[in-house]
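*Asks:* Have a look at this one before I ask anything.
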Amino acid sequence: MSLAACDVTTRSVVTTTTYRGVDLDIIRLEKQPRTSQGDAQESVVVQCAVSGQVLLTQRFFPGPDWSVLRDPGRITPTAEGLVIQGVSERIVLRPSQVAACS
């Protein structure tokens with residue numbers, strides 16, 4: 001087995017949303033191998049849809065199926081920023097972070 005096979009990354013766009021006039025891709029990133037307990041090493045990546053600039057990368061497990069993020073109310077703008085709400089985890093993308101897309 002080559003060392004390269006130990007860091008296989010699956011990257012897929014879960015959904016795209018617009019916040020403050022900027023289109024953002026919400027991406028699922030999965031690294032291999034799994035943890036010693038067999039858990040997936042998953043992160044959410046938020047990037048500017050047009051430029052591809054990454055605004056946020058954070059370990060995140062929204063629930064058993066990432067498609068839950070497509071459900072109404074899971075990604076919502078609030079006074080504090082853009083909230084990405086999983087089943088039990090929550091991430092807030094601040095307006096100042098999104099300003100980097102302009």
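*Asks:* To the nearest 500 deg cm²/dmol, what mean residue ellipticity at 222 nm is calculated for the chain from DSSP H runs of n ≥ 4 alone, each contributing -39,500 (n - 2.57), summed and divided by the residues?
*Replies:* Value at 222 nm, helices only, nearest 500: -500 deg cm²/dmol.
*Asks:* For segment 29-102, what does the relative contact order come out to in percent, with C-alpha contacts under 8 Å and a separation of six or more?
*Replies:* 20 percent
*Asks:* In Å², and per residue, what accessible area does the chain have when probed at 1.4 Å with the other protein chains present?
*Replies:* Per-residue value: 58 Å².
*Asks:* Let me check I've understood the local charge: for Leu93, count other residues with C-beta under 13 angstrom from its C-beta, Lys and Arg +1, Asp and Glu -1. What total comes out?
*Replies:* Spelling it out: positives minus negatives among the neighbours equals +1.
*Asks:* Roughly how many Å² of Ser96 are accessible to a 1.4 Å probe, to the nearest 10?
*Replies:* 90 Å²
*Asks:* Continuing with the same structure: Treat every Asp and Glu Cβ in the chain as -1 and every Lys and Arg Cβ as +1, leave all other atoms uncharged, and give the resulting dipole magnitude about the Cα centre to the nearest 20 debye.
*Replies:* Value, rounded to 20: 120 debye.
*Asks:* Using 0.36 nm per residue, how much length does the chain from Ser51 to Val83 gain when fully extended, once their Cα-Cα distance is taken away?
*Replies:* Contour length minus Cα-Cα distance gives 9.4 nm.
*Asks:* Ignoring everything but the protein chains, give the 1.4 Å probe accessible area of Thr10 in square angstrom, nearest 10.
*Replies:* Approximately 60 Å² of Thr10 is accessible to the 1.4 Å probe.
*Asks:* Only one of the listed values, [x] 39, 30, 24; [y] 46, 29, 18; [z] 92, 25, 14, was derived from the coordinates as Cα extents along the principal axes in Å; which label is it?
*Replies:* For Cα extents along the principal axes in Å, the calculated option is [y].
The values are calculated or read from the model by the stated rules, or taken from the named source; none is laboratory data. Just so you know, these numbers come straight off a predicted model, no measurement behind them. Neighbour counts are summed over all protein chains in view; Cβ atoms, including those assigned to glycine, are modelled from backbone coordinates with ideal geometry. The protein model used for the area step is the full one, side chains on, heavy atoms only, and it has no ligands, DNA or RNA in it. Shrake-Rupley method; radii C 1.70, N 1.55, O 1.52, S 1.80 Å.
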